[in-house]
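What follows is a set of notes on a single structure, which appears directly below.
Nothing in this text is a laboratory measurement; each read-out follows from the coordinates by a stated rule. What you see is a predicted model; the values in this text were computed from it and never measured. Neighbour counts run over all protein chains shown; Cβ positions are idealised from the backbone, glycine included.
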Amino acid sequence: MIKTAFAGADGLRQSLVHSKKTNRLARQRAALQLLSGAGSGKSRDSFTISSEARKFSRESIVALVDKSANVSREELSYYFEHYNDGKAILDAINFGEKVSCGYNPAFKDYGVVRFECNGSRQIIPNYAVPKMSAGSLPGIHAVNSSLVLDNKSYYAWTAPSGRRYSWAVSNGHIGWASSESLLMLGDDTNRGGTNDSWEMRKAGNILSNLAQGVDLWGYKNEDVLKTCASVGFTPGFFSIDAGAGKHTYILQEFGGVIDVDKNITRWNNMNWIEVGYKEGDTFSIYGNEYTVDSSGHIHISANDTFTSTDVKFARRDI
């Protein structure tokens, strides 16, 4: 890694209008002055960039502040404020809203990651996005059929190829970190020809749906089984909590998934007397017995201990 210190200038943005014959060095100086805030009496800390990015970093900065790029200082304010805080930059991209990556022709070969922060559109140049090390992140593994992931956190996912990738967890969304996937940092196709990004997209979508209580319609049973097995889920009860509440399911041998929470809500809300049962009828549900009360309802709690996947209703008198 190479460290390059930017120093100089005040913090106000000025439009820079240049002809093609404008001296490149003058443009670089103006851009660097704008970025670093010279005249404020203190210099910025050094900014670490890769040796690959070093060869065009100054030109990227010039492109960002050039009038033709149509970028305001306000849109760069988050980047300036967190210039030396790599984690803050990563969190803004991976846990932010309306995140996208685009390439404006005015930026020549240099793109930006866009996102919203407190209702304001922000951009960060691609070369300034830190690269995470998946090898230093914890894996995604269930314990006793329960997968609990900290919200707004990072984990490592091991693809079928054996490669590890950095994943992010945010409000029930689980998947390849945007700071990595949007920029496609690194080759995601292994020597065997497997496309890791496609495999991760399927796995991330399946886990995200489960973490948010969304049906898995449209997914192949074999993909569901493979994804569940990859985090330690086996046929039977399992639960997942990734920042959007705890959700409990039954994984079937063939890959089907039963939403236990939705079943409990449906059965508790149903008036069983109205559909032919009577007060005192007993149902055996997930290893426990529940009796129809005078109002026609049974009362199952999501906190009950379930020991069986079987469901048996009393015989109705019709």
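Here are the numbers:
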item: Neighbour cut-off at most 14 other Cβ (10 Å), DSSP loop, GluC sites (Glu not before Pro), region 244-282; result: 253, 279
item: Cleavage-rule hits, trypsin sites (Lys or Arg not before Pro), region 210-318, DSSP coil, Cβ neighbours within 10 Å at most 15; result: 220, 278, 315, 316
item: Distance violations [Cα-Cα > 29 Å] among 152/226; 98/246; 246/278; 152/312; 202/312; 226/246; result: 246/278; 152/312; 202/312
item: Virtual spin-label span in nm between residue 146 and residue 275, 7 Å along Cα→Cβ; result: 3.0 nm
